[in-house]
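Participant: Submitted below is the structure of interest, expressed as structure tokens.
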Amino acid sequence: MMGATMQLARIHGPGDVRLDTVAVPEAGPGEAVVRVAACGICGSDLSYIAQGGLGGPLGDPLPIGHEFAGEVVSVGPGVDDRIVPGLRVAVNPDDAYIGGGGPEGAMAHYIRVTQAKIGSTLYPLADHVGYAEAALAEPLSVALHGLRLLDVQAHHKVAVLGAGPIGLCAVAMLRHLGCTDIAIFDRVDSRLDRARALGADLAVNTAEESLGDALCRFHGEGNRFGARFAETDVFVDCVGVEAVLQEVIAIAKYKARIAIIALYKKPASVDLFKVMANEILISGSIADDRKPEFGEALEMIAGGRQDLTPLISHRLDFSHFTDALTIARDAVQSAKVMLTFDQEPA
């Protein structure tokens with residue numbers, strides 16, 4: 001592919017994302033080049049586009065795309081001999097910050113994967129697993145990592161805040177862990193319908209019933225220091241709204257746990273007296289080191305015991321990149337929007 005070019009999605013400034021023509025990458029020592037077959041659009045991609053990068057000034061255009069799977073097409077010297085052209089893989093983007101600040105992004109037909117190692121960056125796929133489904137391993141492992149940090153167990157009563165793609169992935173992974181008392185909250189009925197299909201036991205539109213009332217009804221309630229609390233063990237914040245977090249802390253029981261998986265775009269004010277008095281554990285989770293969870297998510301996908309079809313709302317060829325972004329921004333009609341790369345670059 002010497003001298004060949006392709007299009008790569010890169011951010012040049014706030015609201016300015018372009019398909020730039022760049023050289024098709026070549027594999028150097030310890031590297032593999034992967035032909036991308038499917039790449040999901042993440043909420044963080046949309047945030048990076050809106051703010052013009054990762055939050056600071058851009059030195060160079062920022063490549064995006066980190067939820068992906070494809071086929072190895074070439075390898076460089078020193079690569080594990082199990083990694084060969086034709087190997088179907090899902091890629092964990094963490095080590096090289098693929099699509100998240102590093103020099104590579106997966107919204108392109110080809111991508112260079114540095115530190116190419118089985119079970120670290122490259123995860124071989126079972127023959128029956130499709131590429132779009134394999135690309136779900138990234139967001140599913142994001143959710144699973146947050147749950148693992150709080151040691152979520154099957155008997156726990158859990159509330160998921162937000163039924164966007166990560167909230168939906170949290171429901172799927174909670175079911176994977178054996179949880180059966182799962183409540184989820186959102187303001188978009190179509191997303192709540194997807195959550196029910198994935199296994200949520202209670203799905204509530206907070207425009208119709210408050211989070212506190214719904215949880216006390218579903219999980220049970222009690223009273224501590226004269227204040228009502230819900231018997232919810234774990235809250236999974238996938239929405240990133242200050243008022244919702246405040247409501248959670250107000251209703252949380254003694255020793256409740258909160259996982260912050262959401263992307264907060266500005267500092268949030270919380271009632272630290274409540275956090276102290278009820279010994280509430282709040283854990284952030286950026287899923288920056290989740291190799292075991294990535295592998296576990298792929299194993300779950302391959303096992304086929306859970307129907308994950310509600311997660312993917314749209315599949316569009318990369319040639320319809322702009323349309324795909326528009327759909328992904330629409331919370332009513334979209335869940336996970338998946339870019340596919342059936343057409344070879346011109």
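Participant: Of the numbered conditions (1) of a type outside the set (D, E, K, R); (2) closer than 21 Å to Gly59 by Cα; (3) part of a strand (DSSP E or B), Ala90 fails exactly one; give the number of that condition.
Facilitator: Among (1) of a type outside the set (D, E, K, R); (2) closer than 21 Å to Gly59 by Cα; (3) part of a strand (DSSP E or B), the lone unmet condition for Ala90 is (2).
Participant: Would you point out which residue out of Pro63, Pro25, Pro29, Pro14 is out of contact with any Gly (no Cβ under 9 Å at 6 or more places or on another chain) and at negative phi? Break it down stepwise before answering.
Facilitator: On the way: Pro63 fails: out of contact with any Gly (no Cβ under 9 Å at 6 or more places or on another chain); Pro29 fails: out of contact with any Gly (no Cβ under 9 Å at 6 or more places or on another chain); Pro14 fails: out of contact with any Gly (no Cβ under 9 Å at 6 or more places or on another chain).
On inspection, the qualifying residue turns out to be Pro25.
This table checks each residue for (1) within 24 Å of Leu192 (Cα to Cα); (2) basic (Lys, Arg); (3) in contact (Cβ under 8 Å) with a residue 12 or more places away in the chain; (4) out of contact with any Pro (no Cβ under 8 Å at 6 or more places or on another chain).
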{"site": "Ser283", "(1), (2), (3), (4)": "no, no, yes, yes"}
{"site": "Arg290", "(1), (2), (3), (4)": "no, yes, yes, yes"}
{"site": "Leu298", "(1), (2), (3), (4)": "no, no, yes, yes"}
{"site": "Ala302", "(1), (2), (3), (4)": "no, no, yes, yes"}
{"site": "Pro310", "(1), (2), (3), (4)": "yes, no, yes, yes"}
{"site": "Thr326", "(1), (2), (3), (4)": "yes, no, no, yes"}
{"site": "Ala335", "(1), (2), (3), (4)": "yes, no, yes, no"}
{"site": "Thr340", "(1), (2), (3), (4)": "no, no, yes, yes"}
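Participant: Within the range 306-334, which residues are basic (Lys, Arg) and more than 23 Å from Val129 (Cα to Cα)?
Facilitator: Pass one, the range 306-334, residues basic (Lys, Arg): 315, 329.
Listed by number, the list holds a single entry, Arg329.
Participant: Are any residues in the range 159-174 more than 12 Å from Ala203 (Cα to Cα) and either open to solvent by 10 Å² or more (accessible area, probe 1.4 Å) or not in a helix (DSSP H, G or I) (or both), and if so, which ones?
Facilitator: Answer for the range 159-174, where residues must be more than 12 Å from Ala203 (Cα to Cα) and either open to solvent by 10 Å² or more (accessible area, probe 1.4 Å) or not in a helix (DSSP H, G or I) (or both): Gly164, Pro165, Ile166.
Participant: Filter the range 83-123 down to residues that are open to solvent by 30 Å² or more (accessible area, probe 1.4 Å) and without any contact (Cβ under 8 Å) to a residue 40 or more places away in the chain and give me whichever is nearest to the chain's Cα centre (by Cα).
Facilitator: The residue in question is Tyr97.
Participant: Checking Leu140 against (1) in a loop (DSSP other than H, G, I, E, B); (2) open to solvent by less than 10 Å² (accessible area, probe 1.4 Å): exactly one of these is not met. Which one?
Facilitator: (1)
Participant: Take Lys266 and decide whether it is open to solvent by 70 Å² or more (accessible area, probe 1.4 Å) and in contact with an Asp or Glu (Cβ under 6 Å, 6 or more places away or on another chain).
Facilitator: Judged against the criteria, Lys266 is not a match.
Participant: Could you check how many residues of the range 146-181 are under 15 Å from the mean Cα position of the chain (by Cα) and of a type in the set (A, V, I, L, M)?
Facilitator: 11
Participant: Which of the residues that make up the range 62-77 are open to solvent by 40 Å² or more (accessible area, probe 1.4 Å) and either modelled with pLDDT under 95 or closer than 14 Å to Leu125 by Cβ (or both)?
Facilitator: If the condition is that a residue be open to solvent by 40 Å² or more (accessible area, probe 1.4 Å) and either modelled with pLDDT under 95 or closer than 14 Å to Leu125 by Cβ (or both), then Glu71 is the only one that fits.
Participant: What are the residue pairs meeting all of these: first residue in the range 266-277, first residue closer than 12 Å to Gln246 by Cα, second residue among the charged types (D, E, K, R), Cβ atoms under 8 Å, and 6 or more apart or on different chains?
Facilitator: Between residues of the range 266-277 that are closer than 12 Å to Gln246 by Cα and residues that are among the charged types (D, E, K, R), the close pairs are Ala268/Glu242; Ser269/Glu242.
Participant: Kindly provide the set of residues from the range 28-60 that are open to solvent by less than 30 Å² (accessible area, probe 1.4 Å) and either part of a loop (DSSP other than H, G, I, E, B) or free of Cβ contacts under 8 Å to residues at least 40 places away in the same chain (or both), ordered by number.
Facilitator: Gly28, Gly30, Cys42, Gly52, Gly53
Participant: A further question on this structure: May I ask you to say which residue of Ala268, Ala259 is in a strand (DSSP E or B) and closer than 25 Å to Leu144 by Cβ? Show your work before the answer.
Facilitator: Values: Ala268 fails: in a strand (DSSP E or B).
None of the other options fit; the residue is Ala259.
Participant: Condition (residue is of a type in the set (Asp, Glu) and more than 22 Å from Asp213 (Cα to Cα)) applied to the range 146-153: is it met by at least one residue?
Facilitator: Yes, there is a match, as at least one residue in the range 146-153 is of a type in the set (Asp, Glu) and more than 22 Å from Asp213 (Cα to Cα).
Participant: Based on this model, can you work out whether Arg194 counts as touching a strand residue (DSSP E or B) at 6+ places or on another chain (Cβ under 7 Å) and open to solvent by 30 Å² or more (accessible area, probe 1.4 Å)?
Facilitator: Judged against the criteria, Arg194 is not a match.
Participant: Let me spell it out: the conditions are (1) among the hydroxyl-bearing types (Ser, Thr, Tyr); (2) open to solvent by 40 Å² or more (accessible area, probe 1.4 Å); (3) more than 21 Å from Ile261 (Cα to Cα); (4) without any contact (Cβ under 8 Å) to a residue 40 or more places away in the chain, and Tyr131 meets all of them except one. Which number is the exception?
Facilitator: (4)
Participant: Do the conditions hold for Val152, that is, is it crowded, with 17+ Cβ neighbours inside 10 Å, over 30 Å from Ala230 (Cα atoms), among the β-branched types (Val, Ile, Thr) and touching a residue at least 40 places away in the same chain (Cβ under 8 Å)?
Facilitator: No; evaluated as a whole, the condition is false for this residue.
The values are calculated or read from the model by the stated rules, or taken from the named source; none is laboratory data. Since this is a predicted model, take the numbers as computed values, not measurements. No Cβ is skipped: glycine too gets one built from the backbone with ideal geometry, and neighbour counts run over all protein chains shown. Just the protein is used for accessible areas: all its heavy atoms, side chains included, with ligands, DNA and RNA removed. Shrake-Rupley method; radii C 1.70, N 1.55, O 1.52, S 1.80 Å.
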